[in-house]
1. Which one of A:135, A:89 is more than 16 Å from the chain's Cα centre (by Cα), within 10 Å of chain B (Cβ to nearest Cβ) and closer than 25 Å to residue B:77 by Cβ?
2. What single numbered condition from (1) in contact with a helix residue (DSSP H, G or I) (Cβ under 7 Å, 6 or more places away or on another chain); (2) free of Cβ contacts under 8 Å to residues at least 24 places away in the same chain fails to hold for residue A:9?
3. Can you find, within segment A:114-132, the residue that is surrounded by the fewest Cβ atoms within 10 Å (Cβ to Cβ) among those that are touching a residue at least 12 places away in the same chain (Cβ under 8 Å) and more than 9 Å from chain B (Cβ to nearest Cβ)?
4. When you scan segment A:143-150, do you find a residue that is free of Cβ contacts under 8 Å to residues at least 12 places away in the same chain and either in a helix (DSSP H, G or I) or in contact with a strand residue (DSSP E or B) (Cβ under 8 Å, 6 or more places away or on another chain) (or both), even just one?
5. Show me the helices (runs of 4 or more DSSP H) found entirely inside segment A:1-90 where at least 3 residues are farther than 23 Å from residue A:107 by Cα.
6. Is at least one residue of segment A:93-102 more than 7 Å from every other protein chain (Cβ to nearest Cβ), surrounded by fewer than 20 Cβ atoms within 10 Å (Cβ to Cβ) and either free of Cβ contacts under 8 Å to residues at least 24 places away in the same chain or assigned to a helix (DSSP H, G or I) (or both)?
7. Mind checking which pairs have a first residue in segment A:168-179 that is at negative phi and a second that is exposed (fewer than 15 other Cβ atoms within 10 Å of the Cβ), Cβ under 6 Å, 6 or more apart or different chains?
8. Looking only at segment A:54-77, count every residue that is loosely packed, with under 15 Cβ neighbours inside 10 Å and either touching a residue at least 24 places away in the same chain (Cβ under 8 Å) or more than 8 Å from chain B (Cβ to nearest Cβ) (or both) and tell me the total.
C-alpha cells in the first residue's frame, strides 16, 4: 500500500525546506516506506475541501489506504507503528520514543514556535526568551549525556526534535548549547533527511516553473 | 498491575485543580484502571532524582509495571492503549483519536499556553491574541458540527481538549465560541472528571494540613 503525503502545491520562498510534510517524507525515507506526494493548491487551503481534510487549514495530511489523519506528530506516530526503524517494539523503548516525541511537540515546540512567531515582529524584548532558555538548558543536559533521546538508538523522536531545533533563528540561539548543536547536526547529516529536504525544495521549485509558464502563456 | 501516577506532594493554591496529573487521573477513572498516587516533594522537583524521572522537572510521570514514561500526552496515549473506553480499536478511529490528541497539544495548547503565560504580566497587548482566535475559530467550526472530536464517541482526545480549554482565562475567552463552551462543559460534567478533580484538590489540601502540623510541632 503506497502512502500519500499531502502538502501544498506551492508556498512562498521563506518556509521552503520547513513545511511539515518534510517530517513525513523524512520518516518514510528512513523506513524505506514508499510514498507519493499529493498537493492542495496553496490558495485553496482554507476552502471546504481542505478544511474537511485538515480543520486548521494546515499540512501535512497522511493517507494510508482507508485511513486518513492530520497533525505531523500523529502522522509520525502512525508511520512509527509501520516500521521498527522508527520506533523499537519493546514496551520501554516504545514508551521512550512516544514520550520524547510528545516532549518535542509540547515541551519544546510549545515554547519555540511562539517565540519564533513573536520574534518576527522584532519586539525590543521577547516575553518567551527566558522560558525558551530554560527548556533548551534542560534538553542540553539530556543530549550532553547520550547520543539519542530515546531507547539508545535513532528513533522518530530524534527526527522530530531535530526538525524542531533546525528552525534558522533557533539554530542561531543554540550557540550556547553545544550538545544540542551537535545533536541536531548529526540528525541533519542523515541521508534520509538530505533526500527529503531536497525533494521538498524541488517540489516547490517545480511549482515556480509551472506558475511562470502559466503566466507567460496567460 | 496497579498504575502509579507521580505528581508533586504540594503546590501553591493557584495551579491546584490544574496540575497535569489530573489528565491521567481522569483517564484512569474513565477506564476503570486502578492507580495510586506517588509524590515528589515540590521543593525537590529540580533535584537529580526527579530530573532522572522527568528531565524538564515537571509532572506527571506514569509507572506501569516495568515501563515508566513522562509527558501527559504520552501517558494518555499509553493509557488509551490499555482501554477501549479511551480509544477505539479500529484503524480510522484510532487515527482520529491520535490526531485530535496531538492537535490539542500542538495546534491549540501550543498557542493557548504561551498566550496565558504572556497574559500573566498584563501587557497592553498580547502578541498571540490573533493567533489564538484563529485556532479557536477553526475548532469552534468542528465542535459546532459534532459532539465529539474523534470517532463519533468520547475518547481521550475529548478529555485532553477539554482540559486544555478549561484554563480559567481561556474559558473566559470562550464567550465568543458557544460550541466550544458547550463542548467543554459537557466533558467537565462527566463523573470521572469530577472525581479526578476533587481527588487532586484533596491531595494538595491534605499536604497543607501536614505542613501546618509539622510547622506547629517544629
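1. A:135
2. Just one mismatch for residue A:9, condition (2).
3. A:129
4. Checked against the condition, which is being free of Cβ contacts under 8 Å to residues at least 12 places away in the same chain and either in a helix (DSSP H, G or I) or in contact with a strand residue (DSSP E or B) (Cβ under 8 Å, 6 or more places away or on another chain) (or both), segment A:143-150 yields no hits at all.
5. Values: elements: A:21-31, A:48-53, A:72-82.
Filter on segment A:1-90 gives A:21-31, A:48-53.
6. yes
7. From segment A:168-179, the pairs are A:179/A:144.
8. So the count comes out to 1.
The values are calculated or read from the model by the stated rules, or taken from the named source; none is laboratory data. Being a predicted model, the structure only gives us computed values, none of them experimental. Reconstructed Cβ throughout: ideal geometry from the backbone, glycine too, with neighbour counts over all protein chains shown.
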